[in-house]
Amino acid sequence: MAELLSQPFSWLNLIIMVSAGVVVLGVVLVFVMYAIYFERKVIGWMQLRNGPNRVGPWGLFQTVADVLKLMIKEDIVPAKADRFLFLIAPIIAYTPAFAIIAVIPFSENVFFADVNVGILYYGALSSISITGILLGGWASNNKYAIMGGMRSVAQMVSYEVPLIMSFLGVVLLTGSLNMKDIVAAQQDGMWFIIPQFLGFVIFLIAGNAELNRTPFDLPEAENELVAGYFVEYSGFRFAFFMLSEYVYIFALSSVMTVMFLGGWDAPFGLTFIPGGVWFALKFLLLVFYLFWARATFPRVKTQQLMGFAWKVLIPLALFNVMITALFKTISQAG
Amino acid sequence: MAVRTEEMLLNVGPQHPSTHGVFRLVVKVDGERITEAIPVVGYLHRGTEKLAEDLTYTQIIPYTDRLDYLSSMTNNYALVQAVETLMDLEIPERAEYLRVLAMELNRVASHLVWWGTNLLDLGAISPFLFAFRDREFIVNMLNELSGARLTFNYMRVGGVKWDAPEGWIKKVEEFVPYMREKLKDYHTLVTGNEIFLARVKNLAIYDDKEAIAYGMTGPVLRGSNVKFDVRKNQPYSIYDRFEFDIPVGETGDVYDRYMVRMNEMEQSLRIIEQAVAQFPEEGEIIAKVPKVIRPPEGEVYTRMESSKGELGVHLVSKKKDKPYRLKLRRPSFVNLQLLPKLLVGRTMADIPAVLGAIDIVLGEVDA
Amino acid sequence: MWGTGFFKGLGFILKQLKEKKITSQYPDEPVIMPDRFRGIQHFIPEKCIVCNQCAKICPTGCITLTGKPNPDPEKKGKVIDTYDINFELCILCDLCTEVCPTDAIVMTNNFELATYTRDNTLKDRIWLDKNNINVREENH
């Protein structure tokens, strides 16, 4: 994969690259469909229900049916909406979500771009999505939607900071922003969840907030704002917002796996199981946590959310960076 | 360039997920902050009071089922209590016990729905399912007793319609420890949760004076540290035979109202336990009442403690088989009056929390 | 301690995974209602004496009935001619069966009333007569 990028341009290479992109898109779509299925099943079981069980065996085709339904639904644009912005908002929200996947290494050999500033790239792109959400809320010309959009921005502005700062501990320990190097560093030593536990917790909370999921699902808080920023969206434009939300789950859980759980590194020397499987297992554990939290927690308020970010998470993240730097200096000196 | 902001008028409801029915709240918001809130009620108005003037006393009972449809038993009782007081009827012992059992079970069921929906308003999705699982037991028991799951139409002037079926008392007895166990689980899941506490503590505080001035009753009054419960202060039916406490809150915030209701469920279970123990072996279930009920001329105001507060019935009789005037004092409606004051200065996110803590049922607000 | 509530809640929710599911498989498995359940009425024309009590007691006025003179000239009184219950209005309150002196109208445990048109909600005496399964045993 990596050598493909360094080769000179040729039509064959282009076709390979495009088809690889399409394959990834397919994988992501299947993941999203089954993530939604998994979420509904897990939350169903936690709430003593059966979850989807009508379409296909054990309801396996439920989300397929849902997606199909969304695709063939009428694409409604409200008369008083800002038409252009309304139409492109879901695309703006989705594109960066998909582009993030490029830098995530899934195992030693399966990755798409070996970028030296991988983490920075992740942080930069993930904050573009919010523009789409804000635009969607604004362009809908709906009071609930604009409130949802504003909340979303406020939330993102607050949580981007601790999220990026929680990376810093890991970056300090490895001395690299490249995700492959980070995994390599964990393969040599221990997983960063142990020395960087505080960073892990901050990342988990801030990432949860960035995903707009319970308990931080304020932008779409259905009990106050009905559906928040996508209240006016229907059909496949709504599906795109939904899709970008779940692709972010995919991306964020992958990044966390890479940064804190050792990526494809096999624990206890169980190397006979391929790295991809280990990656998937760790990744699923994090996804499960997100669903689990959704079944448990009530939603926080905007003020509390922002207060928590600025007063608790950012100082903690700074503290984490300081301590890490201190230890690193001491250990290098000693 | 000067940044200009303006307030916007937002219609919350009548079709909104957390207004619990067709309640409309017109709020003026400055960003997220509410500067004015005007509740608009009446979307579910069916004119029960006026309809009652053209119905015989027995016919009104099914209509009362549909006021506060979550606790129909207490509504049934409120009406028959007024008629019985006017007629000066002696109610058989067994009927009284059946009434108390049914009413207390219904109170628990009503509070369970409140618990589930209030948490749903706060964004927690699971409690609703747990609450409904346990409510299902009560609903099934009341179904066995009265033949309906929601609109029981169980009480009659002078007694009750059905005697307890075989083994029913045993079921109620077994339900009490089960429910106690589940209440503990509820506390584990919700009451200790920090997000929940941050959302409800010190939210929408009003003191006892204000609560009394606005005529609030029920858990919303007791949450502000007023020890007033019609069951204790003016015992009706046979409530003077049972030992139970009136849970009260201290500060009068949403959390206190929450705790009052949770403790009330426990107290209701205590009453059920005692009623089961004292339940008379046999006896009549309905007093001797004439076939056509014609209460003597006069008027009467009776009150009782429903799950929402003091449910009063003012009945004017002209010695006809139909009431001359029936006035219902619906606690949900009265309790709602403080809402605009509570919401001003709060944010959008507090609307469902505050409204949910008042626990309104639109069927009762609009009657 | 601050923070324990989160873990208690998470632990409780995790424990629910092994609990019994409570979903009732309603359309697949019929719901068995207790005997007293107030479902759609069953009407027995032979027993009816056209006393009109059910129509009078009905709080919503959903029962309309007409009688005709007894075809048997030797017997006095009336027999039922038409008997309609409008299930758009009926609230299944049980009062009609409560007042019926001959148990001509009784409750059943059936409750499936969903139809595609409103016309179907008006049930006549033939339909009500045929609705004779799961009839309630105890009516007073």
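Structure notes:
- Lone unmet requirement of (1) open to solvent by less than 30 Å² (accessible area, probe 1.4 Å); (2) among the hydroxyl-bearing types (Ser, Thr, Tyr); (3) at pLDDT 85 or above for A:TYR289: (1)
- For region B:44-61, residues that are touching a strand residue (DSSP E or B) at 6+ places or on another chain (Cβ under 7 Å) and not in a helix (DSSP H, G or I) total 1.
- Screening region A:197-220 for residues that are hydrophobic (A, V, I, L, M, F, W, C) and out of contact with any helix residue (DSSP H, G or I) (no Cβ under 6 Å at 6 or more places or on another chain) and picking the one that is nearest to A:TRP138 (Cα to Cα) gives A:ILE205.
- Cβ-Cβ under 7 Å pairs, at least 6 apart or on other chains, region A:44-57 side more than 14 Å from chain B (Cβ to nearest Cβ), far side open to solvent by 60 Å² or more (accessible area, probe 1.4 Å): A:PRO52/A:ARG40; A:VAL55/A:PHE61
Rundown of residues vs (1) small (Gly, Ala, Ser); (2) open to solvent by less than 30 Å² (accessible area, probe 1.4 Å), yes/no style:
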| site | (1), (2) |
| --- | --- |
| A:GLY136 | yes, yes |
| A:ASN141 | no, no |
| A:SER152 | yes, yes |
| A:LEU173 | no, no |
| A:ASN178 | no, yes |
| A:GLN186 | no, yes |
| A:PHE197 | no, no |
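- Yes/no for A:LEU281 being within 22 Å of A:LEU29 (Cβ to Cβ) and assigned to a helix (DSSP H, G or I): yes
- One residue from A:ALA79, A:ALA113 being more than 27 Å from A:PHE288 (Cβ to Cβ), part of a loop (DSSP other than H, G, I, E, B) and touching a residue at least 24 places away in the same chain (Cβ under 8 Å): A:ALA113
- Being under 21 Å from the mean Cα position of the chain (by Cα), at pLDDT below 90, surrounded by 22 or more Cβ atoms within 10 Å (Cβ to Cβ) and within 25 Å of C:MET33 (Cα to Cα) is a property that B:ASP121 lacks.
- Across region B:1-37, the number of residues qualifying as more than 25 Å from B:THR117 (Cβ to Cβ), open to solvent by less than 80 Å² (accessible area, probe 1.4 Å), within 10 Å of another protein chain (Cβ to nearest Cβ) and part of a strand (DSSP E or B) comes to 1.
- Residue within region A:150-170 that is over 30 Å from A:LYS301 (Cα atoms) and either more than 15 Å from the chain's Cα centre (by Cα) or at pLDDT below 80 (or both) present: yes
- The combined condition, being assigned to a helix (DSSP H, G or I), without any contact (Cβ under 8 Å) to a residue 60 or more places away in the chain and assigned by TED's automatic domain parsing to the domain that holds A:ILE130, is fulfilled by A:VAL201.
The values are calculated or read from the model by the stated rules, or taken from the named source; none is laboratory data. Just so you know, these numbers come straight off a predicted model, no measurement behind them. Note that each Cβ is placed from the backbone with ideal geometry, even for glycine, and that neighbours are counted across all protein chains shown. These accessible areas exclude ligands, DNA and RNA; they are computed on the full protein's heavy atoms, side chains included. Shrake-Rupley method; radii C 1.70, N 1.55, O 1.52, S 1.80 Å.
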